[in-house]
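The values are calculated or read from the model by the stated rules, or taken from the named source; none is laboratory data. Quick caveat, the model's predicted, so the values are computed rather than measured. We place every Cβ from the backbone using ideal geometry, glycine too, and count neighbours over all the protein chains shown. Heads up: the accessible areas ignore ligands, DNA and RNA and are worked out on the full protein's heavy atoms, side chains in. Shrake-Rupley method; radii C 1.70, N 1.55, O 1.52, S 1.80 Å.
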Amino acid sequence: MTGNKLCIHGHFYQPPREDPWMDTIFPEGSAAPATHWNERICAESYAPLAWARRLDDQGRIIEIMNCYEYMSFNFGPTLLTWMEHQAPDVYARVLEGDRSSLARLGHGNAIAQIYHHVIMPLATDLDKRAEIAWALADFEARFGRGAEGLWLSEAAVDTRTLDLLAQAGVRFTILAPRQAREVADVAQNNWTAANEGNLDIREPYLVELPEGRSIAVYFYDGPLSQAVAFEGLLRHGDVFWGRLSGMAAQGGGKGLLALATDGETYGHHFKFGEMALAFALSQARAGEQNVALTNYAAYLAENPPKRRVRIHENSSWSCAHGVERWRADCGCATEHRPGWNQRWRGPLRDGLNAVKARIDQHYLALGQSLYADAEAALIGYGRVLSGLDEPEAFAAAHFKPKLAPAQKDTAWKLLTMQKWALSSFASCAWFFDDLGRIEPLNALTFALRAMQLGQRTGMEDLEPLLLSYVGQATSNDPALGSGHDLWTHEVRPRRESTETILAQALIHLWAEGRLPAPGGGASVHCRGCRSASA
Ligand SMILES: [Zn+2]
């Protein structure tokens, strides 16, 4: 394939919103007229990208494009799980986009994403391995093939994470240009300092890892990606295309112009942004301006790295201070909130870490009598969650022989406990400006669910431990008070009881429009998505 190669990547992600007892999403008033934000953003972005309109000069529709066929993308497992059940037609277009790109390029457009979108450098080694294994199992179950690339949450990276990716068979990831520390040619020691200004982002780089392993890293075009996100480049399709094709031509037929964008930019942040994207993709697809569309995996197969890179440890794409945004008062996210601080981030991180450490201890101690290898069971559990392995086959492979029914029940409970404990580390809990937001409260709710499952399997109540940290934190909103207040008023009441299960079941039915009504039908579809796709 010749021409100036172009790859547009979309990172599609929503914070986990499930109620951990019902495993369903309750209504979120701020998302009106949609029931909750997954549904709203699906209607505004994910569905429009799946059926993006291309118009002629008279405004008549000349094509309905599935953008997922022509752009590189990753969706998180938790978001795809929701989409599979609540927006199945959009979900089908996503899968179809990967399949047709695989047929066209020999490599599919989809790449995997860290399972719970945790900040990998801040995770324990066991959690890192579980998050990667679960992500790859989920990808394989959905796309019917192994993932070649993987999107690291917030592009947060350290060498250990890259090594675990390489060990799991992942061939590449994508980072921001400022995450490169120094570069050299392969097999030479001409290391020179790298920065955003001098880094050649048009070729993949090799990161050398212990024991001879390696992984390729792409750096996206920073200014162009910024322009899509913040400078209104999507307002006009021809302006967007002009910029893309002009930049691609600067490579003179060599290298790859790649940009990384939040997928929600198209349609949700910028109304009709999906139409600008579809226009640019259609021009590139037609080979206009000598541009040739490709994806990361296809390019890598033809262009193995000629240069090496050493990365900045514990760096990310959305915090200039490394990974401090997810554990400290670094200043990110409150630029527009004079007088606010993020001193709550440290206690939230420390509290959840303390809970997870105790949960791991409980899991490993009790797991000795239940699993052939407790760590291997945890790593392998993602294959059950994804549907790759039947529970019975998993139990036969990982449980000790001749467990009593009550022991089997405990073995499953411990794995579910770990699932919710991992969920509590989804990066969005720390990303925004306050402890009182729904994301940190959801993280604490997931931890509560994990703690409750721990208690049911003989662990002590970890609430005092968690509150010894989180209780110290305070919201910037005096009306919301301390972490202790938020826990008491917002989190603890969600704890399961017979009454709350009944109440939640009713809310669940109401949210899905399945409450019995005289003469009423039943519907479980994503309203917004279906109307957008009609
Ligand atoms: Zn920061």
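A few comments on the model shown:
- If you go through segment 277-319 and pick out every residue that is closer than 24 Å to Val157 by Cβ, away from the ligand (no atom under 16 Å from the Cβ), open to solvent by 60 Å² or more (accessible area, probe 1.4 Å) and not in a strand (DSSP E or B), you end up with 2.
- In segment 34-53, the residues that are of a type in the set (S, T, N, Q) and assigned to a loop (DSSP other than H, G, I, E, B): Thr35
- Qualifying residue in segment 354-361 (condition: away from the ligand (no atom under 16 Å from the Cβ), among the basic types (Lys, Arg) and farther than 30 Å from Ala103 by Cβ): yes
- Filter result (hydrophobic (A, V, I, L, M, F, W, C) and in a loop (DSSP other than H, G, I, E, B)) within segment 1-33: Met1, Trp21, Met22, Phe26, Ala32
- Cβ-Cβ contacts under 6 Å between residues 6 or more apart (or on different chains), taken from a first residue in segment 315-329 that is within 10 Å of Trp430 (Cβ to Cβ) to a second residue that is more than 9 Å from the ligand (Cβ to nearest atom) and in a loop (DSSP other than H, G, I, E, B), are listed as Val323/Ile119; Val323/Ala156; Val323/Asn314; Trp326/Ile119; Trp326/Ser427.
- Of note, Glu274 satisfies the criterion of being away from the ligand (no atom under 13 Å from the Cβ), over 30 Å from Leu467 (Cβ atoms) and buried (at least 21 other Cβ atoms within 10 Å of the Cβ).
- Scanning segment 329-353 for residues that are within 13 Å of the ligand (Cβ to nearest atom), farther than 17 Å from Tyr469 by Cβ and charged (D, E, K, R) gives a single hit, Glu335.
- Residues of segment 153-176 that are touching a Pro at 6+ places or on another chain (Cβ under 9 Å) and part of a loop (DSSP other than H, G, I, E, B): Ala156, Asp158.
- Pair list, Cβ < 7 Å and 6+ apart or interchain, from segment 334-355 residues that are within 25 Å of Gln452 (Cβ to Cβ) to residues that are in a loop (DSSP other than H, G, I, E, B) and aromatic (Phe, Trp, Tyr): Leu352/Phe425
- Verdict on Ala421 being modelled with pLDDT of 95 or more, among the hydrophobic types (A, V, I, L, M, F, W, C) and closer than 25 Å to Arg142 by Cβ: yes
- Restricting segment 225-267 to residues that are open to solvent by less than 50 Å² (accessible area, probe 1.4 Å) and in a loop (DSSP other than H, G, I, E, B), the residue that is farthest from Tyr13 (Cα to Cα): Gly253
- Residues that are of a type in the set (Gly, Ala, Ser) and assigned to a strand (DSSP E or B) were ranked within segment 177-224; the one that is nearest to the chain's Cα centre (by Cα) is Ala216.
- Flag if Trp326 is within 16 Å of the ligand (Cβ to nearest atom), at pLDDT 95 or above and of a type in the set (Phe, Trp, Tyr): yes
- For segment 364-373, the count of residues that are touching a residue at least 24 places away in the same chain (Cβ under 8 Å), under 17 Å from Tyr469 (Cβ atoms) and more than 16 Å from the ligand (Cβ to nearest atom) is zero.
- The set of residues from segment 76-101 being open to solvent by less than 10 Å² (accessible area, probe 1.4 Å) and closer than 13 Å to Leu49 by Cβ comprises Met83, Ala87, Val90, Val94, Gly97.
- Selected residue (criterion: surrounded by the fewest Cβ atoms within 10 Å (Cβ to Cβ)) from residues of segment 102-136 that are among the aliphatic types (A, V, I, L, M) and part of a loop (DSSP other than H, G, I, E, B): Ala123
- Residues (farther than 20 Å from Phe219 by Cα, surrounded by 23 or more Cβ atoms within 10 Å (Cβ to Cβ) and among the aliphatic types (A, V, I, L, M)) located in segment 137-161: Ala137
- Of the residues examined, Pro16 is one that is touching a strand residue (DSSP E or B) at 6+ places or on another chain (Cβ under 7 Å), buried (at least 20 other Cβ atoms within 10 Å of the Cβ) and either more than 30 Å from Gln289 (Cβ to Cβ) or at pLDDT below 95 (or both).
- Note on segment 457-485: residues that are open to solvent by less than 20 Å² (accessible area, probe 1.4 Å) and under 16 Å from Glu439 (Cα atoms) total 4.
- When the residues of segment 208-224 are filtered to those that are in contact with a strand residue (DSSP E or B) (Cβ under 6 Å, 6 or more places away or on another chain) and either hydroxyl-bearing (Ser, Thr, Tyr) or open to solvent by less than 10 Å² (accessible area, probe 1.4 Å) (or both), the one that is modelled with the lowest pLDDT is Leu224.
- Helices (runs of 4 or more DSSP H) fully within segment 338-452 counting 2 or more residues that are closer than 25 Å to Ala320 by Cβ and in contact with a Leu (Cβ under 9 Å, 6 or more places away or on another chain): 345-367, 428-431
- Residues satisfying the stated conditions in segment 320-338, i.e. open to solvent by less than 80 Å² (accessible area, probe 1.4 Å) and out of contact with any helix residue (DSSP H, G or I) (no Cβ under 9 Å at 6 or more places or on another chain): Thr334
- Hey, Arg99 within 30 Å of Leu244 (Cβ to Cβ) and free of Cβ contacts under 8 Å to residues at least 60 places away in the same chain or not: yes
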